[in-house]
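The values are calculated or read from the model by the stated rules, or taken from the named source; none is laboratory data. Everything quoted here is computed from the prediction, not taken from an experiment. Cβ placement follows ideal geometry from the backbone for every residue including glycine, while neighbour counts extend to all protein chains displayed.
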Amino acid sequence: MSQVFRCKRVSSGIVEGEALISQDAILFYYTDPATGVVTEDGHCLKGVSVKDKILIFPGGKGSSSVQADGMYRLDRDGSAPRALIVEELDTVLVSSAVVMEMPMVYHVEAGFYDRVKNGDWVRVDTEKLTVELVEKD
């Protein structure tokens, strides 16, 4: 049975995909635009691709120019995440997601972060303001 959690919307979209969880904040400038692979030394996702994932992470880091440039390159090359679920908002990440028209939500209901695991199928619906953990057969 699916589990549904309320959230708040930053940028619009209805998407679903595989969950990828990062314990570290992300600077998208440190990803390979061709593959979506995180290249930042010491990052918990180093060597892992964010392409087509529902990326769940604490928040962004870095200056506006490099964060926006990193997200732009991922989007341009077709290697961007499908959606962003963040715990803490920052203006750089918010503005980048809005400009790139990448679905982004925050303030997901209590319990979501305890239940979601890497590889879970997640549906983000910013019209209904929900994040759903979808049961796969």
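Below, the figures for the structure above:
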read-out	value
Checking Thr126 against (1) of a type in the set (S, T, N, Q); (2) in contact with a helix residue (DSSP H, G or I) (Cβ under 8 Å, 6 or more places away or on another chain); (3) buried (at least 20 other Cβ atoms within 10 Å of the Cβ), the condition it does not meet	(2)
Verdict on Val134 being buried (at least 17 other Cβ atoms within 10 Å of the Cβ) and of a type in the set (A, V, I, L, M)	no
Yes/no for Tyr113 being among the hydroxyl-bearing types (Ser, Thr, Tyr), closer than 25 Å to Met1 by Cα and either surrounded by fewer than 21 Cβ atoms within 10 Å (Cβ to Cβ) or free of Cβ contacts under 8 Å to residues at least 12 places away in the same chain (or both)	yes
Residue count, segment 1-32 (criterion: of a type in the set (A, V, I, L, M), touching a Lys or Arg at 6+ places or on another chain (Cβ under 9 Å) and in a loop (DSSP other than H, G, I, E, B))	2
Unmet criterion (only one of (1) at pLDDT below 95; (2) surrounded by fewer than 22 Cβ atoms within 10 Å (Cβ to Cβ); (3) under 23 Å from Asn118 (Cβ atoms)) for Glu101	(3)
Residue in segment 33-50 that is surrounded by 16 or more Cβ atoms within 10 Å (Cβ to Cβ), under 21 Å from Asp114 (Cβ atoms) and hydrophobic (A, V, I, L, M, F, W, C) present	yes
Boolean, Leu89 is in contact (Cβ under 8 Å) with a residue 40 or more places away in the chain and touching a His at 6+ places or on another chain (Cβ under 9 Å)	yes
